[in-house]
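The structure appears right after this line, and notes come after that.
The values are calculated or read from the model by the stated rules, or taken from the named source; none is laboratory data. What you are looking at is a predicted structure, and each value in this text was computed from that prediction instead of being measured. Please note: Cβ atoms are built from the backbone with ideal geometry, for glycine as well, and neighbour counts cover all protein chains shown.
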Amino acid sequence: MIDSEDRLYLEQAQLFASVSLESVGHLLGNCQQRNLERGEHLLEPGAPNSHLYLILEGELRVYPDDRSLPERAVFGPGDCVGEMSLLDSPPAPALVLAAKDTRLVAVPHEVLWAMVDCSHGVARNLLAIMSGRMRNANLALINSQSRSLEFEQAASVDALTGLHNRRWLLEAYPRAIARCDRDSQPACLLIADIDHFKRFNDRFGHLTGDVVLRRVSRQLADGLRVQDLIARHGGEEFLILLPQSSPIQSLQIAERLRELVAANCTLVTEDVVEAVTVSCGVAEMEPGETLTELTARADAALKRAKDNGRDRVELALREGR
């Protein structure tokens, strides 16, 4: 039964805001008081629930699955829990437990619906409570998805250059290659490698080497078309996939990139001006070829560019030549 002291607490409840308890007083007699000890569970995930619980004193916490995870919400006197079970009587979606010794009023769903019929104020307040819960749940979902996207992006982006990293490359390039192969579209792989990069690190230090990497990566990215894909493969090496590109077009792109780096990445210190250049190897995709096979041929072309004096572009030889 609800005594006079509990009625004073109920008058502060959100469900009865701006509502005279006299209008629903005859229904409160069908509600029971319930006491929870600290740590006791009120609702379990997946368990049926047929009550709305109004908190008189204490504190309830809502957890997504179990107590080992961070709480989703904290409720105190005047708040309620269990209202979402009114919608087609779904099982409780979360764990609700008492964070302190807590006193509640358990309102059966049929009694709550009767209160709604008796009082427009209760109906309005219940609608506000439920819409607020849904809004907060949607915001939590959006925030969770945003964090997931941020983590996913962080895992696929090279922190130093801002380009995609090798992990992303190994997922994205095979799909793009397969698409070009399926559509009978040409594609080429370009490997660009900074010439004498170890010398920059040894002579000027790794911080200066990082500056060179960032400058080169920016010029390479700026010199590409919308459909081209670029990633830092590791160290001073960059892999660039050129979909819908013939060997002639790809060689032209590689030359443009080489010229951009040579023109815009010169390293100037207090006592020296050091040219920064790249060597490039280009390989045309052959039908059915894997990324590993295509990379190996582009890498062989890159080695020839290095052997032939650096700061140049070489095209991979076709099989059998």
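Looking at the range 267-285, which of its residues are surrounded by 15 or more Cβ atoms within 10 Å (Cβ to Cβ) and under 40 Å from the mean Cα position of the chain (by Cα)?
Within the range 267-285, 267, 276, 277, 278, 279, 280, 281, 282, 283, 284, 285 qualify.
Filter the range 193-220 down to the residues that are acidic (Asp, Glu) and out of contact with any helix residue (DSSP H, G or I) (no Cβ under 8 Å at 6 or more places or on another chain), then identify the one that is modelled with the lowest pLDDT.
It comes out as 202.
What residue, among those in the range 95-110 that are among the aliphatic types (A, V, I, L, M) and part of a strand (DSSP E or B), is farthest from residue 39 (Cα to Cα)? I'd like the intermediate steps shown before the answer.
Filtering the range 95-110 for residues among the aliphatic types (A, V, I, L, M) gives 95-99, 104-107.
Subset that is part of a strand (DSSP E or B): 95-98, 104-107.
Working: 95: 11, 96: 10, 97: 6, 98: 5, 104: 15, 105: 18, 106: 18, 107: 22 Å.
Restricting to residues being among the aliphatic types (A, V, I, L, M) and part of a strand (DSSP E or B), the top hit is 107.
Let's see how each residue does on (1) surrounded by 17 or more Cβ atoms within 10 Å (Cβ to Cβ); (2) of a type in the set (Phe, Trp, Tyr); (3) modelled with pLDDT under 90; (4) over 20 Å from residue 129 (Cα atoms):
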{"position": "48", "(1), (2), (3), (4)": "no, no, yes, yes"}
{"position": "58", "(1), (2), (3), (4)": "yes, no, no, no"}
{"position": "63", "(1), (2), (3), (4)": "yes, yes, yes, no"}
{"position": "71", "(1), (2), (3), (4)": "no, no, yes, no"}
{"position": "80", "(1), (2), (3), (4)": "yes, no, yes, no"}
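Mind telling me which of the residues 235, 288 ends up being assigned by TED's automatic domain parsing to the domain that holds residue 181, under 34 Å from the mean Cα position of the chain (by Cα), modelled with pLDDT under 95 and farther than 25 Å from residue 179 by Cα?
Of 235, 288, the one residue that is assigned by TED's automatic domain parsing to the domain that holds residue 181, under 34 Å from the mean Cα position of the chain (by Cα), modelled with pLDDT under 95 and farther than 25 Å from residue 179 by Cα is 235.
With respect to residue 207, determine if the residue is farther than 12 Å from residue 190 by Cα, within 31 Å of the chain's Cα centre (by Cα) and either among the aromatic types (Phe, Trp, Tyr) or surrounded by fewer than 18 Cβ atoms within 10 Å (Cβ to Cβ) (or both). Spell out the reasoning first.
On the way: farther than 12 Å from residue 190 by Cα: yes; within 31 Å of the chain's Cα centre (by Cα): yes; either among the aromatic types (Phe, Trp, Tyr) or surrounded by fewer than 18 Cβ atoms within 10 Å (Cβ to Cβ) (or both): yes.
When the stated conditions are applied, residue 207 passes them.
Could you tell me which of the residues 274, 289 is of a type in the set (D, E, K, R) and under 15 Å from residue 189 (Cβ atoms)?
The unique qualifying residue is 289.
Let's see how each residue does on (1) surrounded by 16 or more Cβ atoms within 10 Å (Cβ to Cβ); (2) part of a strand (DSSP E or B); (3) among the acidic types (Asp, Glu); (4) at pLDDT 85 or above:
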| position | (1), (2), (3), (4) |
| --- | --- |
| 77 | no, no, no, yes |
| 89 | no, no, no, no |
| 112 | yes, no, no, yes |
| 122 | yes, no, no, yes |
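When you look at residue 40, is it loosely packed, with under 14 Cβ neighbours inside 10 Å and either β-branched (Val, Ile, Thr) or at pLDDT 85 or above (or both), yes or no?
Yes.
Please report, ordered by residue number, the strands (runs of 3 or more DSSP E) entirely within the range 179-295 with at least 2 residues that are in contact with a strand residue (DSSP E or B) (Cβ under 8 Å, 6 or more places away or on another chain), within 16 Å of residue 164 (Cβ to Cβ) and not hydrophobic (A, V, I, L, M, F, W, C).
Per the criteria, 229-234, 237-243.
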